[in-house]
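Everything below concerns the one structure shown next.
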Amino acid sequence: MSKIRFGIVGTGAIAQTYAQVFQSSRLCKLVAAVDTKEEAARSFAEPFRASIFSDYRQLADRKLVDAVVIATPPNTHSRIAIDLMNRGIHILCEKPLCFSREDALRMIDAASKNKVTFTMASKFRYVADIIKAKSIVASGAIGRVLEFENYFTCCTDMSNRWNAEARISGGGVLIDNGTHSVDLIRYLCGEIQDVMAIETARVNELEVEESVRLIARVRGGVLALADLSWAIDKQIPDFVRIYGDNGTICIGWNRSRYKIKSSADWITFGNGYDKLKAFRAKVENFCRAIYGEEELLIKPEDALASVEVIEAAYRSLRRNLWEKVQKAQVSIH
């Protein structure tokens, strides 16, 4: 089986972890790097002896790649993805996928028409402890799930980054970290029906929201909460907590454990979050899906749902109300 030939569009911070995956993967190899800053592309490509381009269309014209990672700012995702999928190239697109349900549907339609593999890269679903936690929930060990909590809070200076420019990012911490939260809620608890988003003060005076509490009502009665902030460091050891009527699961940055009511002891089931392993898992799942060996862990309909929920959350933020998630009626093959 030959290695899948990858290109990467955008060689900024997130691309550096992909580079580590490409250096050691037995399933794929990096053959091209694209960045509008030629020196950035050159520096990224050099260890791989990969070709460099300043425009993704030049890469497509050369027919060098089977698949592309899109790691550019979100306002470019749909245009680049659709152009490349129309040329028969498989797409692994960084989150957030895009700004609107309409753009997401256009991306999914392009993938379907061109029979290419298409997924959103939301790394936390590939964390081994998250997958184990889903299994524990499914086993019934903690009983019926009643509440879900997620914490992505740390002090991060976004003032000089594109994340703080709404026309490029689509918003602030809600679309950035909240996309991960939405994917985790859906993966571990089920479909989100309604959301409410509440913003705290903007201490750094950014044009986008810095701290948000997202509350979601999930089908089946689960209440989910996500605390998202670039301005507050809550120093909470767990980034996910799941509460059932018979026990609790805590998924931490350095350790994951669960406890059932009838026992005084916590059972450790993992070592927490490992960023590189999560990235490797998502790239390799994508490769195996291209080969037809396994299903995507994040399917196009999951990517669409993340966009729909975040859209609803922004409507809530503007109106200060509970907001129903508007679902597209679409058949995805």
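The values are calculated or read from the model by the stated rules, or taken from the named source; none is laboratory data. Remember, it's a predicted structure, so these values are computed and weren't measured experimentally. So basically every Cβ, Gly included, is an ideal-geometry build from the backbone, and we count neighbours across all protein chains shown.
Miscellaneous remarks
- Residue within the stretch 84-92 that is free of Cβ contacts under 8 Å to residues at least 40 places away in the same chain, hydrophobic (A, V, I, L, M, F, W, C), assigned to a strand (DSSP E or B) and under 14 Å from G10 (Cβ atoms) present: yes
- Filtered residues of the stretch 31-53 (kept if within 26 Å of the chain's Cα centre (by Cα) and part of a loop (DSSP other than H, G, I, E, B)): D35, T36, K37
- In the stretch 171-207, residue nearest to the chain's Cα centre (by Cα) [restricted to those that are of a type outside the set (S, T, N, Q) and assigned to a strand (DSSP E or B)]: I192
- V137 farther than 30 Å from N254 by Cα and either out of contact with any helix residue (DSSP H, G or I) (no Cβ under 8 Å at 6 or more places or on another chain) or surrounded by fewer than 24 Cβ atoms within 10 Å (Cβ to Cβ) (or both): no
- Which listed residue, of R213, R241, R257, is surrounded by fewer than 16 Cβ atoms within 10 Å (Cβ to Cβ) and among the basic types (K, R): R213
- Filter result for V283 (assigned by TED's automatic domain parsing to the domain that holds C93, in contact (Cβ under 8 Å) with a residue 24 or more places away in the chain and in contact with a helix residue (DSSP H, G or I) (Cβ under 8 Å, 6 or more places away or on another chain)): yes
- Whenever a residue of the stretch 142-171 is farther than 28 Å from I251 by Cα, its partners that are part of a helix (DSSP H, G or I) and of a type in the set (F, W, Y), lying with C-beta atoms within less than 8 angstrom and at least six residues away or across chains, give the pairs I168/W162; S169/W162.
- Number of positions in the stretch 308-320 that are surrounded by 12 or more Cβ atoms within 10 Å (Cβ to Cβ) and more than 22 Å from the chain's Cα centre (by Cα): 0
- Filtered residues of the stretch 19-37 (kept if within 16 Å of F279 (Cα to Cα), in contact with a Leu (Cβ under 8 Å, 6 or more places away or on another chain) and not small (G, A, S)): Q20, V21, F22
- Candidates A71, A60, A13 - the one that is small (G, A, S), outside the structural domain of R161 (by TED's automatic domain parsing) and free of Cβ contacts under 8 Å to residues at least 12 places away in the same chain: A13
- Restricting attention to the stretch 54-83 and to residues that are outside any helix (DSSP H, G or I) and polar (S, T, N, Q), the residue that is surrounded by the fewest Cβ atoms within 10 Å (Cβ to Cβ) turns out to be S54.
- Number of positions in the stretch 306-320 that are in contact with a helix residue (DSSP H, G or I) (Cβ under 6 Å, 6 or more places away or on another chain) and of a type in the set (S, T, Y): 1
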